[in-house]
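Enquirer: Can you keep this structure in mind? I'll have questions shortly.
Nothing in this text is a laboratory measurement; each read-out follows from the coordinates by a stated rule. Everything numeric in this text was worked out from a predicted model, so none of it was measured. Glycine also receives a Cβ, built like all others from the backbone with ideal geometry; neighbour counts cover every protein chain displayed.
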Amino acid sequence: MPPEPVARWQRRKDARPSEILAAALACFKERGFATTRLEDVAAKAGVTKGTIYLYYPSKEELFKAVVRGELVPNIEHLEAVLDEPGPAAALLERLVMVWVQHIVPSPISIIPKLVVAEAGNFPELARFYLETAVHRGLRLIAAILQRGIARGEFRPVDVEHVVYCIIGPLLFTVLWQHSLGLHDDQPLDAQAVCHAHLDLILHGLQMQALPTAQTSSQTGS
């Protein structure tokens, strides 16, 4: 007979890091980062506090592992899309759809609120999140805009600052969802907001013919 108990133990051991990360994310969502203790995470994961230290030496490193394991893969997926042929508008649409379908409904959507709330008390984590997620996302959006401009799909814009105009409403959906949205009698439809935002982005970026002198004079008369 195969050593079934050993096999179950091995599967349990292999699953521990992901179970710990899921438990940590749940605790961060319930308690916030500052007030979450490793004992809380261990209890939710069904392991001892010592077991957590085998994988993550501190609560800060545990938080970083959550970001790397849950959020960064979505950015990597979108970065890979840049190597594919196709219009820049389709890339922007895919970016928004990843946000709508994989970030907004996921427990990971709490991360931006946690970072904003704790940035003053934990500046190292704020810098880590900026470098690992935010700046990487902004570079991704900038690359899409630059592709669209270079190909004549988008009109020339101030890429350095337009990227913030694009990412801002997306972040707003999850910040609202985990703060004021909890107390609002009229829940925000995050998907509808993201779709409306995409529509405004694409219409605002599309090339438009400049008015002729005749048209301008008629408008001014």
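Enquirer: Quickly work out the D158-to-H135 label distance, labels modelled 7 Å from Cα along the C-beta direction, and quote it in nm with one decimal.
Expert: Spacing of the two 7 Å Cα→Cβ label points: 2.2 nm.
Enquirer: Further question: Please list, or write none, the aspartates and glutamates whose alpha carbon is within less than 18 Å of the alpha carbon of K49, excluding same-chain residues fewer than 8 places away.
Expert: Reachable aspartates and glutamates: D14, E19, E39, D40, E60, E61.
Enquirer: Count charges around V66 for me, please; just the other residues with Cβ under 12 Å from its Cβ, Lys/Arg as +1, Asp/Glu as -1.
Expert: +1
Enquirer: Something else about it: Might you report the magnitude of the Cβ-based charge dipole of the chain about its Cα centre, with Lys and Arg at +1 and Asp and Glu at -1, to the nearest 20 debye?
Expert: 600
Enquirer: Here's another thing I want to ask about it. Provide Rg over Rh for the chain; use the alpha carbon set for both Rg and the Kirkwood Rh (inverse mean inverse pair distance). Show your work: numbers first, answer last.
Expert: Values: Rg = 22.3 Å, Rh = 20.1 Å.
Expressed as Rg/Rh, it is 1.11.
Enquirer: Can you show me the helix-derived [θ] at 222 nm for the chain, built from DSSP H runs with n ≥ 4 at -39,500 (n - 2.57) apiece and divided by the number of residues, rounded to the nearest 500.
Expert: -20500 deg cm²/dmol
Enquirer: If I stretch the segment between S58 and H183 completely, what's the gain in nm (0.36 nm per residue apart, minus their alpha carbon distance), one decimal?
Expert: Difference between extended and current length: 41.7 nm.
Enquirer: For K113, go through the lysines and keep the ones whose alpha-carbon is under 18 Å away, minus same-chain ones fewer than eight residues off.
Expert: Reachable lysines: K29, K59, K64.
Enquirer: Along the Cα→Cβ direction, 7 angstrom out, place labels at C165 and R151. What is the inter-label distance in nm?
Expert: For C165 paired with R151, the spin-label model returns 2.1 nm.
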